[in-house]
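Structure first, commentary second.
The values are calculated or read from the model by the stated rules, or taken from the named source; none is laboratory data. None of these values were measured; they are calculated from a predicted model. Ideal geometry is used to build each Cβ from the backbone, glycine not excepted, and the neighbour counts take in all protein chains shown.
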Amino acid sequence: MEQSSARSRSVSVNGRTYGWPSQPLVVVCIDGSEPAYIEQAIAGGHMPFLAKALKSGSDLRADCVVPSFTNPNNLSIVTGVPPRVHGISGNFFLDPDTGEEVMMNEPRFLRTDTIFKAFHDAGAKVAIVTAKDKLCRLLGHGLDFASGRAVCFSSEKADRTTRAENGIDNAQGLVGRPIPDVYSADLSEFIFDAGVKLMETMRPDLMYLSTTDYIQHKHAPGTPVANAFYAMMDGYWARLDALGAVLALTADHGMNAKFNDAGEPDVIYLQEVLDGFLGEGKARVILPITDPYVVHHGALGSFATVYLPADADQTTVISKLAAVPGVQKVYDRTHGCAEFELPEDRLGDLIVVSEKSKVLGTSADRHDLSQLKEPLRSHGGVTEQKVPLIVTRTASVDVGRRLRNFDVFDVALNHTALARNVA
């Protein structure tokens, strides 16, 4: 990381340079927010602040990282680079060092610094609030919480924060709300309330607020519950704007309906398919959507990776999988990782992506779908790749540039009037 001698100039990290903000920048990752959620909420009059802000702001579109899951996309957003560089290829993977299936929520899996660390090292104040605790250790990695210039905690565990580990003692006390249920819209509202309180008290240079997609997994764009959720966010964004912050909004992925005409999850059980081709247990299917919070999606998403036995004819297996109804594309590791900018050492021999209305599972007996109360909505594939990229300032972006959700800091800091200067 390099920085200029003048605090007001720029910070460089991961090959990108970012101007220093002249006023606080709040970047919001709205988990699971395909563009239609905001479009329909604005059209219905539920987001008056954002509707007004966009008259002088920028309403852009971007592509997220595939697999379109939480961890790889949040880490891409906060590092400014794809998973090939930062190393986080999913929520869950097969650790080649141990042969065990593990969550990718430990800093040891991260291969590069974050934008937050670069700015913090240069003297900035940084605040990070997430819904679920699974992201905190990754997003806050490298920050000096003893400095008084860094805060990082989750709604889920805001009552357990300490100055040494989170930069704040008892964050729940600051917010003044009960700890929400992890499966609720309140988990996200806690984040925004915390963001307002931190803006009033700490006034960070950079703030990152990352929600949960509990609502989007259950409610389609334009429905009453979805509109109420977006109206809630709009109210807090108005308060942050009134406190002098610039807002930049994006999403980690979109969301699509994944159920059949009977309202049941439309699943391709890949382990069962492969067992039929190769023999029981010969191949191993890993679902990177897997995390501790599967009640709302049953660990069913549209991206999977497959480890084949050494004696398998890879070309034949690819051909057979590609012929399965509902499979959109099958890649070998090299071509799939090149296509999606993924680290080859953290994916299996094959990458399988399903069509828009389908999800991929292992075997039926390994998925508990009893707690799915609404028809399944999920993500993970290419069809959930389009997301919003909105800044409450006019952005000058080259026509024809393919924007990614991990360009959000670049657009806000380098292509609006927000940055003081870029060296």
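Worth a mention:
- For segment 214-226, the candidate set comprises residues that are buried (at least 21 other Cβ atoms within 10 Å of the Cβ) and modelled with pLDDT of 95 or more; within that set, the residue that is farthest from D31 (Cα to Cα) is A226.
- Scanning segment 1-34 for residues that are assigned to a strand (DSSP E or B), at pLDDT 95 or above and of a type in the set (S, T, Y) yields S12, T17, Y18.
- Selection of segment 342-360 for residues being among the hydrophobic types (A, V, I, L, M, F, W, C) and over 17 Å from G263 (Cα atoms) yields L342, L347, L350, I351, V352, V353.
- Selection count where residues are outside any loop (DSSP other than H, G, I, E, B), touching a strand residue (DSSP E or B) at 6+ places or on another chain (Cβ under 8 Å) and over 15 Å from C136 (Cβ atoms), scope segment 199-217: 4
- Number of positions in segment 231-266 that are in a helix (DSSP H, G or I) and not acidic (D, E): 10
- Restricting segment 182-202 to residues that are touching a Lys or Arg at 6+ places or on another chain (Cβ under 7 Å) and not β-branched (V, I, T), the residue that is nearest to G244 (Cα to Cα) is M202.
- None of A127, A158, A131 is assigned by TED's automatic domain parsing to the domain that holds G32 and either farther than 15 Å from C29 by Cβ or among the β-branched types (V, I, T) (or both) except A158.
- Selection within segment 353-377: residues that are polar (S, T, N, Q) and at pLDDT 95 or above. The member of this set that is farthest from W237 (Cα to Cα) is S354.
- Verdict on A251 being in contact with an Asp or Glu (Cβ under 8 Å, 6 or more places away or on another chain) and outside the structural domain of Q314 (by TED's automatic domain parsing): yes
- Every residue from segment 54-70 that is out of contact with any helix residue (DSSP H, G or I) (no Cβ under 7 Å at 6 or more places or on another chain) and not in a strand (DSSP E or B): L54, K55, S56, G57, P67, F69, T70
- Contact annotation: residue pairs with Cβ atoms under 9 Å, 6 or more positions apart or on different chains, pairing a residue in segment 317-338 that is within 30 Å of G87 (Cβ to Cβ) and free of Cβ contacts under 8 Å to residues at least 24 places away in the same chain with a partner that is crowded, with 17+ Cβ neighbours inside 10 Å and aromatic (F, W, Y), are Y331/F340; A338/Y331.
- None of D159, D133 is among the acidic types (D, E) and at pLDDT 95 or above except D159.
- Residue check for L389: in a loop (DSSP other than H, G, I, E, B) and of a type in the set (A, V, I, L, M, F, W, C): no
- Taking (1) at pLDDT 95 or above; (2) closer than 21 Å to C64 by Cβ in turn, G400 satisfies each apart from (1).
- For segment 73-185, the helices (runs of 4 or more DSSP H) that sit wholly inside it and include 1 or more residues that are among the acidic types (D, E), more than 20 Å from the chain's Cα centre (by Cα) and surrounded by fewer than 20 Cβ atoms within 10 Å (Cβ to Cβ) are 115-121, 163-166.
Quick grid of which residues meet (1) of a type in the set (K, R); (2) surrounded by 20 or more Cβ atoms within 10 Å (Cβ to Cβ); (3) not in a helix (DSSP H, G or I):
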position: I289; (1), (2), (3): no, yes, yes
position: P309; (1), (2), (3): no, no, yes
position: V317; (1), (2), (3): no, yes, no
position: K320; (1), (2), (3): yes, no, no
position: T334; (1), (2), (3): no, no, no
position: C337; (1), (2), (3): no, yes, no
position: D345; (1), (2), (3): no, no, no
position: K356; (1), (2), (3): yes, no, yes
position: D365; (1), (2), (3): no, no, no
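- Under the condition of being among the basic types (K, R) and either closer than 15 Å to F303 by Cα or surrounded by 19 or more Cβ atoms within 10 Å (Cβ to Cβ) (or both), the residues counted in segment 254-287 number 2.
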